[in-house]
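First comes the structure, then the notes that go with it.
Values in this text are rule-based calculations from the coordinates and carry no lab data. Computed from a predicted structure; not experimentally measured. Cβ: placed from backbone, ideal geometry, glycine included. Neighbour counts: every protein chain shown.
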Amino acid sequence: MYWGLIGTAAAILTMFSFVPQIIKVLRTRSVKDVSIITVFQLSCGSSLWIAYGAHLKDRIIIIANVITLVTLMVVVFLYFNLGKVRQ
């Protein structure tokens, strides 16, 4: 009965988990504390979750991980663009 609510809460927390990192990078204009390996690992994981969600036809899994992947791509974009500025 509550599993849909739990899944939705987990999806929301996951979707926006990297937003604080994005805000910090934008405020400090520094990516020195960002682990690009972690970002790529999470991106691969989100991509696999999207494939799994598509297999199950589960919109919550798909949407949550697409949004997560988009936020991770923003981190990657900032990492490579702001990292060049500081070198």
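Across the chain, the longest piece that holds none of the chymotrypsin sites (Phe, Trp or Tyr not before Pro) lying in DSSP loops with up to 16 other C-beta atoms within 10 Å covers 17-87. Label sites at LEU13 and GLN41, each approximated as a point 7 angstrom past Cα along Cα to Cβ, lie 1.9 nm apart. Modelled this way, with points 7 Å down the Cα-to-C-beta line, the labels at ILE63 and ILE6 are 2.1 nm from one another. Each residue of segment 41-51 was assigned a 3J(HN,Hα) from its phi angle through the Karplus curve 6.51 cos²θ - 1.76 cosθ + 1.60 (θ = phi - 60°); the sequence is 4, 5, 5, 4, x, 5, 4, 5, 5, 4, 4 Hz, with glycine and proline shown as x.
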